[in-house]
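Novice: Here it is, the structure, as structure tokens.
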Amino acid sequence: MKIDSLTLREIRLKLRAPFETSFGKTQERRILLVEAVSDGVSGWGEITAGEGPFYCPETTETAWHVVRDFIAPMAVGKEVATAADFGSLVKPIRGHEMAKAGVENALWDIEAQKKNLPLWMLVGGTLTEIPCGVSIGIQESVDALLLKIDAELKAGYQRIKIKIKPGWDAKVVWAVRQRFTLTKLMVDANSAYRLEDAPLLKQLDDFYLMMIEQPLPWDDMHEHARLQAQLQTPICLDESIHNARHARAALEMRACQIINIKLGRVGGHAEARRVHDVCRERNVPVWCGGMLESGIGRAHNIAMSTLPGFVLPGDVSASRRYWDEDIIEPEVEVTPEGTIRVPIAPGLGYRPRRERIEKLTVRQEIFRPS
Ligand code: OSB
Ligand code: MG
């Protein structure tokens, strides 16, 4: 397929409620959307970078720069056999996985439409219904958190993830476990602790958590291995894993027992599948993480979550948990059993609402062969 043009747009989307993690609070998202066109077929991808360099070094602004000044010049007008080959075009660029993923995933959408297949089938998915969990940010009070969890469980979600940070950890998790004794529960620290905090983290072993996600620095697998040796609770890595080599290293050094795969963090569907395969060969379960995506990113997450190794509930939940109105049609909905039924239409399976997207757009640039 020839990449005839790329359109990069920034939209602003206000979250229904602020989302707080150990690295900060988000209320309004600045999301970059990529629309690629090949032979008149248009495909969509989302760049999942945050507004600031706090989850990872990329930001909305760095992604705009890298797409405009490097990815677009390397890719536009070029021919690739399949979307999976896009990576070779942008190989000279180190890092910037989220910027690359936004473009690559748009090509996957195109390829799926051209082959008249739902995207999830094209990526190799086998599951037709995916299990869903929710990620709950740091709250004002423990009572507020308990209320929130209760509501999510009543909506059907299969597992609860709570964000922790120093001062909002063991005591809070204890209160949650007291109240919800059998709920599938996990915590995510977003790198808020140090290896010296091992005794504190060890207290979490009492709460039968499914896993502790990314307790230690984003760039340190070795210390996670040291910590894992002291904990019963499985460690899950998020921020540390940017490609299949990282995944292999982490598993070989026993830095984790579970991996959270995010399409943006690993650079798109092709690398996500390689991370998945590394885990599956070793019987290591994976699940799909979230980045407060709009419907476009969410639809890509759903497709990825159909790969057979995605056996744990992901952070992929209904559009209405995030937005008053999403930018796709239909919106993503979750069944009372806490699952998403995968779409059967070709491509993403959810239609981008072009008019709404245009209304939300604050800047746009179109890249064509010079
Ligand atoms: O660590 O998984 C994370 C949101 C922004 C940045 C990092 C993370 C998250 C979430 C939210 O946990 C998941 C979601 O509901 O999209
Ligand atoms: Mg995480």
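The values are calculated or read from the model by the stated rules, or taken from the named source; none is laboratory data. What you see is a predicted model, and the numbers here were worked out from it, not measured in a lab. In this analysis, Cβ positions are derived from the backbone assuming ideal geometry, glycine residues included, and neighbour counts consider all displayed protein chains. Side chains are part of the model used for accessible areas, which takes the heavy atoms of the whole protein and leaves out ligands, DNA and RNA. Shrake-Rupley method; radii C 1.70, N 1.55, O 1.52, S 1.80 Å.
Novice: Apply 1/(1 + (r/R0)^6) to the Cβ-Cβ distance of A170 and D277, taking R0 = 45 Å, and write down the FRET efficiency to the nearest 0.05.
Specialist: Details: r = 36 Å, r/R0 = 0.80.
Efficiency, from the Cβ-Cβ distance: 0.80.
Novice: Output ³J(HN,Hα) for segment 302-308: one whole-Hz value per residue in order, computed from phi by the Karplus curve 6.51 cos²θ - 1.76 cosθ + 1.60 with θ = phi - 60°, and x for Gly and Pro.
Specialist: Here the 3J(HN,Hα) series is 5, 4, 4, 5, 8, 5, x Hz.
Novice: Per residue, how much accessible area does segment 185-271 have with a 1.4 Å probe, in Å²? Don't jump to the answer; show the numbers that get you there.
Specialist: On the way: 3190 Å² over 87 residues.
Value for segment 185-271: 37 Å² per residue.
Novice: Let me ask you something else. Take every DSSP beta bridge whose two residues both sit in the chain, then give the antiparallel share in percent to the nearest 5. Write out the running numbers ahead of the final one.
Specialist: Values: 33 of 54 bridges.
Roughly 60 percent of the DSSP beta bridges within the chain come out antiparallel.
Novice: List the lysines whose alpha-carbon lies under 28 Å from that of K25, not counting same-chain residues fewer than 8 positions away?
Specialist: Reachable lysines: K14, K100, K148, K154, K161, K163, K165, K171, K184, K202, K262, K359.
Novice: Mind ranking 341-351, 138-148 by how tightly packed they are, going by the mean number of other C-beta atoms within 10 angstrom, highest first?
Specialist: Numbers: 341-351: 18.5, 138-148: 14.4.
Result, highest mean Cβ count within 10 Å first: 341-351, 138-148.
Novice: Right, another one. Enter the Cα centre distance for the pair segment 290-315 and segment 142-217, rounded to the nearest angstrom.
Specialist: 22
Novice: Mind running the shape call on segment 121-221? Use the C-alpha gyration tensor, a ≥ b ≥ c as the square roots of the eigenvalues: rounded below 1.5 for a/c, prolate if a/b tops b/c, oblate otherwise. Each step should come with its number before you reach the end.
Specialist: Working: a/c = 2.09, a/b = 1.21, b/c = 1.73.
The shape class here is oblate.
Novice: Out of the total accessible area of segment 1-153 (probe 1.4 Å, heavy atoms of protein only), what percent is carbon and sulfur? Write out the running numbers ahead of the final one.
Specialist: Details: 3140 of 5910 Å².
Carbon and sulfur atoms account for 53 percent of the accessible area of segment 1-153.
Novice: If amide H atoms are built 1.01 Å from N in the plane of the peptide, which residues on other chains or at least 5 residues away come under 5 Å of the amide H of L348?
Specialist: Result for L348 returns L119.
Novice: What residues have an amide H closer than 5 Å to that of I162, excluding those fewer than 5 places away on the same chain, when H is modeled at 1.01 Å from N in the peptide plane?
Specialist: Sorted by chain and number, the residues that satisfy this are I136, M186, V187, D188.
Novice: When you count, for each residue, the other Cβ atoms within 10 Å and take the mean per peptide, how do 194-205, 217-228 rank with the highest first?
Specialist: Details: 194-205: 14.8, 217-228: 18.2.
Highest to lowest by the protection proxy: 217-228, 194-205.
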